[in-house]
Structure formats: C-alpha cells, structure tokens
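Worksheet for the structure shown next.
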Amino acid sequence: MTQTADPAPLIAPPGLAGVVVADTALGDVRGAEGFFHYRQYDATGLARDHSVEDVWHLLLRGDLPDPETVRAWRGEIAEHLLATDRYAEQLTAVLRAAPTRAPLSSLRTAISAYGVLTGDEPLWDLDDAAREQAALRTAAAVPWLVAAAYAVGRGEQPRPARAELGYVGNYLWMVTGGTPDERAVRALSRYLCLTVDHGFNASTFTARVVASTGADLTACVVAAIGALSGPLHGGAPSRALDALDQIGTVENAAPWARARLAAGQRVMGFGHAVYRGLDPRSELLRETATELGGDTAELAVRVEKEVVRVLDEAKPDRPLRANVEYYAGVVMQECGIPRELFTPTFACSRVIGWTAHILEQARGRKIFRPSSRYVGPPVQ
C-alpha cells in the first residue's frame, strides 16, 4: 500500500501577525489608517458621544439603544450588578482567601467562584437567549468584583452597588467610596468605551479559543483575564505612568528616552503592534486628560512631544507615537483610580467585548485546532 504524506502545513508568522483566523461582525482595527470601529460606528466617536451602556448594547444586541430602549437596558444592567449582593458574603470570603496584593489574580478567582455560584453552564448546551443572559450576568459583576477585591486587600468591607449611579458611576463609588462627579464619570466613560474591544488582541482571541470548545462563559472570561495579566497586554498603563514618575520634569524626557533606546529597552506608552502611526484612542484620551487638568496631565503632554522627537530621530522609518496606555493612566489617576487597579479597570470594559466575542464564537460551533511545526530532534 502506498502511503501518502501529509500536506506541508502553512507556516504562520510569529504572533500570527496579519493572519485572519475568523470572521466577526463586531468591529475592526485598521492600523495603517489609524482607525477602529465597533460594528458600523467610529469607535472614538462613540466614546466621545455615548455611554458605556450604549456601546454595550451595540456590541451585544447589534444597535445603539433609542430613548425608549435605553432606560430598560440600563435597568437590566443595574439588576445584574445589584445581584452581586446576593453572593456578597460568599464572594468576600473567596477574596479574603485570594492573593490580596494582586487584584487581577483576585478577580480571576472571584469570577470563577461567581460562575459556580450562579450555575453557569457550558455554552454548547445553551440557546442564544441563555448565553446572552450569562454574558450580561458575568460582565455586569466585574466592577463589583474588582472593587471588592481592592477593598478586601485593604482590610475593608466591599461597598454595595447603587442602582442610580450607572455602570461607570457605580465603579467609581465602589472603589473610592465617594459619589463621583460628572467630570470623572465622563472621563472614565471615554476610556472604558475606547477599550471595550480592539480586534483579535491576545485576551479576546484567548476567550474565543476557549469558547470554541463549548466551555461555559465563565471559563472563557477567566482565560481572557489570564491573557490580560501579561505585562505586554494589560499592564502597560501603570508602567507608562511609572515612566512619567521616573522622568519627573520635561527636561529629563529626551535623555530618558535616549537611555532607554541605547539599552534596547521598550519606551513604555509609545508604539503599537497594529497602528503604524497615531493611535486614535490616545488622541481622545490626551484631550480628556487635558480637560481634567492637573500637573500630571500637563507633564504628560509636554513629555510626549519630547519623546516623539527622540523616537523620530532614532527611528525615522518607523514612526512611534503615544498609544492608548500613555494617557490611560493619567486619566484613571485623575478620576481617583489607584494605580494597582489600572489593569482591572481595563478588564471592566474589555469584558464587554470579550463576552460579545464569546457569544459570536459560540454560534460557530467549530473548535480552534491549528497545527504546529516540529523542530525537535529527529525521530528515532
């Protein structure tokens, strides 16, 4: 019998850069154009003019809520957020047993526990309506879980959600303990809207891979949080703000940037894996940081100009500009978010995108199963 050799597999580039692995109707990132969108809408325009709840409705249900829909929709989100009170005692006990100095790790543990307590079931076994409810229930709980993890880590009792405050206002209240002002809610809402979704980034792709197995929605979100915990993905806002602290004054910006380049180190807050020029999210966040004001915002704007000048001199053929993380930390700090919660706050927005992608992937009912290329010792 003649044996037929397996066809030679296609070799993907490192990081799967440029490889299309699935279709999506949720949005796209056009790196060369410096543009990204959620469904048919410019994402930066949505962040400027709409709430997180509006964008959530767009991704999950396909359209922006009209005046007749928006009140019921926000009430539905609030109902799921308030439902965390039902499990507050059990979840607080879980958080007390978790690593209190790592809020993202605590969130990962708490989300898993919440899925068990709410009886999450495999996506494979659910219809579309039940999957959507699982998505809403899980995503709406994340702000409470993040704030609760932070409170427990400080030896405090988690604060209950307040129905009248909305998604962003509730998060600020539960973290800071103060009723947030409109400026802070608007600024943080812009940041969260800008980071709800961004193509097949590492955490979103991870969530879709797990969803393709038919696993429960909680498992998909826990996997996504694991991907987000990597410093090359979700940890950049705090590192960019740390860099501003190191620089200290605008006069130190250029020497600092040159020293980083000479040492072969990454200039945190500049450059992006997809954008080859301006990051549109950074543009709106710079405007937002300037509106909030403060010494850090003023320093950030001036330092950005100096660092860009050094980068242009060193890499004239590869323009590196401020990315979303550069101003994200400034905006979150001015809104009262502590630095250790920057990445968990990112998770409060990105979980909305993750769950939308999870539902889309689950409808496909096809498992991801790529091939690998063996490069080890010859088979004996």
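The values are calculated or read from the model by the stated rules, or taken from the named source; none is laboratory data. The model shown is predicted, which means the values in this text are computed figures rather than measured ones. Cβ: placed from backbone, ideal geometry, glycine included. Neighbour counts: every protein chain shown.
Does G178 count as at positive phi and either touching an Asp or Glu at 6+ places or on another chain (Cβ under 8 Å) or in a loop (DSSP other than H, G, I, E, B) (or both)? Steps first, answer last, please.
Details: at positive phi: no; either touching an Asp or Glu at 6+ places or on another chain (Cβ under 8 Å) or in a loop (DSSP other than H, G, I, E, B) (or both): yes.
No.
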- Item | Which numbered condition W173 misses (of (1) closer than 17 Å to A139 by Cα; (2) not in a loop (DSSP other than H, G, I, E, B)) | (1)
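Which of the residues that make up segment 194-203 are of a type in the set (S, T, Y) and assigned to a loop (DSSP other than H, G, I, E, B)?
T195
Inside segment 14-97, counting only helices (runs of 4 or more DSSP H) that do not spill past its ends, which hold 3 or more residues that are more than 19 Å from Y167 (Cβ to Cβ) and of a type in the set (A, V, I, L, M)?
Details: elements: 43-49, 52-61, 67-82, 88-97.
In segment 14-97, 88-97 are the helices (runs of 4 or more DSSP H) which contain 3 or more residues that are more than 19 Å from Y167 (Cβ to Cβ) and of a type in the set (A, V, I, L, M).
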- Message: Looking at T100, T24, T92, can you tell me which residue is modelled with pLDDT of 90 or more, hydroxyl-bearing (S, T, Y) and assigned by TED's automatic domain parsing to the domain that holds A140?
- Response: T92
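For E306, state whether it is outside the structural domain of W56 (by TED's automatic domain parsing), within 24 Å of the chain's Cα centre (by Cα), farther than 14 Å from L241 by Cα and part of a helix (DSSP H, G or I). Before you say what the answer is, go through the steps one by one.
Numbers: outside the structural domain of W56 (by TED's automatic domain parsing): yes; within 24 Å of the chain's Cα centre (by Cα): no; farther than 14 Å from L241 by Cα: yes; part of a helix (DSSP H, G or I): yes.
No, not satisfied.
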- Task: Scan segment 127-151 for residues that are free of Cβ contacts under 8 Å to residues at least 40 places away in the same chain and either outside the structural domain of D85 (by TED's automatic domain parsing) or among the aliphatic types (A, V, I, L, M) (or both) and jot them down.
- Result: A129, A130, A147, A151
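Residues that are over 27 Å from D42 (Cα atoms) and not assigned by TED's automatic domain parsing to the domain that holds A314, at least 3 per element: which helices (runs of 4 or more DSSP H) completely within segment 204-292 meet that?
Numbers: elements: 217-228, 236-247, 253-262, 280-292.
Fully inside segment 204-292 and qualifying: 217-228.
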- Task: Kindly provide the set of residues from segment 346-380 that are among the aromatic types (F, W, Y) and surrounded by 10 or more Cβ atoms within 10 Å (Cβ to Cβ), ordered by number.
- Result: F346, W354, F368
- S112: among the polar types (S, T, N, Q), in a helix (DSSP H, G or I), surrounded by 20 or more Cβ atoms within 10 Å (Cβ to Cβ) and modelled with pLDDT of 95 or more, yes or no? no
- Item | Residue list for segment 84-109, restricted to those being surrounded by fewer than 16 Cβ atoms within 10 Å (Cβ to Cβ) and under 20 Å from T355 (Cβ atoms) | none
- Among the residues of segment 197-235 satisfying the criterion of being within 11 Å of the chain's Cα centre (by Cα), among the polar types (S, T, N, Q) and at pLDDT 95 or above, which is surrounded by the fewest Cβ atoms within 10 Å (Cβ to Cβ)? T204
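Does L261 satisfy the condition of being at pLDDT below 95, of a type in the set (A, V, I, L, M, F, W, C), closer than 18 Å to T345 by Cα and out of contact with any Cys (no Cβ under 8 Å at 6 or more places or on another chain)? Talk me through it step by step, then tell me what you get.
Values: at pLDDT below 95: yes; of a type in the set (A, V, I, L, M, F, W, C): yes; closer than 18 Å to T345 by Cα: no; out of contact with any Cys (no Cβ under 8 Å at 6 or more places or on another chain): yes.
Taking the combined requirement at face value, the residue does not satisfy it.
State which residue is surrounded by the most Cβ atoms within 10 Å (Cβ to Cβ) when the search covers only segment 32-48 and only residues that are farther than 16 Å from S282 by Cβ and at pLDDT 95 or above. First the steps, then the outcome.
In the first step, residues of segment 32-48 are kept if they are farther than 16 Å from S282 by Cβ; the result is 32, 37-41, 46.
Subset that is at pLDDT 95 or above: 37-41, 46.
Values: H37: 17, Y38: 24, R39: 19, Q40: 10, Y41: 15, L46: 22.
Among those residues, the one meeting the criterion is Y38.
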- Query: Are there any pairs with C-beta distances below 8 angstrom linking a residue in segment 316-329 that is assigned to a strand (DSSP E or B) to a residue that is modelled with pLDDT of 85 or more and among the small types (G, A, S), with the two at least 6 apart or on different chains, and if so which?
  - Reply: A322/S282
- Item | Unique residue being at pLDDT 90 or above, touching a helix residue (DSSP H, G or I) at 6+ places or on another chain (Cβ under 8 Å) and surrounded by fewer than 24 Cβ atoms within 10 Å (Cβ to Cβ) when the list is E313, E291 | E291
